1. Testing the spin-label approximation: label points 7 Å from Cα along Cα→Cβ at Arg127 and Leu28. State their distance in nm.
2. In nm, give the distance between the simple-model label positions of Arg35 and Glu12, each being 7 Å from the Cα along the Cα-to-Cβ direction.
3. List the residues whose amide H sits under 5 Å from the amide H of Thr70, counting only those 5 or more places along or on another chain, with H placed 1.01 Å from N in the peptide plane.
4. Just want to confirm a number: the relative contact order over the stretch 100-145, from Cα pairs under 8 angstrom separated by 6+ residues, in percent.
Amino acid sequence: MEYDADRIVACETCGLVQQAGRVPEGSLARCARCRFRLFARRPLSRTRTIAFSLAALFLYFPSNIYPIVTTEYHGLHSSTTILQGIKSLFTHQQYFIGSLVLCTSILSPALKIAGLLFIPLTVDRPRWKRGRTWAYKIIRVVDPWNMLEVFLLAIAVSMIEMGRVATVHPGAGVFSFAAVVALTLMATLSFDPRLLWDGPDHDK
């Protein structure tokens, strides 16, 4: 029995490998076991991914330049940016936490934004297919780490407030950073991984 390799697909939900026939335009193919959709293109995937990624890149710099939090302690006001916080952690020999914040706040968002821009911008270049695949794999690896510093900040603020040590207010940088996280998430959800191999002709 002969099989058409282009029509052998694995269900994203249950993992069942099956052969699908031709699907008319406007129709859906569903998994034979779990009934999950097999062929469901994300409309304007390339355009939306680029738009969300560029917006995230635009806000990435303010999120690292403007204060992330403003504290008030016995009438004294101070503001801290992400870079200042990282420097302070290294100054106080908190190398592990400083490195963790550096990777999750500076490096991983930058890598994700760069990857989300690189992939859709090179879809029409067949020679870069494997490069796009590796970029997508890197995005999948660094993606879970992008929210870690948010939890660390939330825990730190909660401990300060519960101990009534100081009053903490969010700075302008935290809103930019939250927007970067949201935009990169939207860019990831908008991107159709099948464009890595199909090319721009399928981005409709």
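1. The modelled label-to-label distance comes out at 4.1 nm.
2. The answer from the label model is 1.9 nm.
3. His169, Gly171
4. Contact order relative to length: 50 percent.
The numbers here are math on the coordinates, done by the rules we state, and not lab data. Note that the coordinates shown come from a computational prediction; the quantities given were computed from them, not determined experimentally. Because the Cβ atoms are built from the backbone with ideal geometry, glycine has one as well, and the counts that use them run over all protein chains shown.
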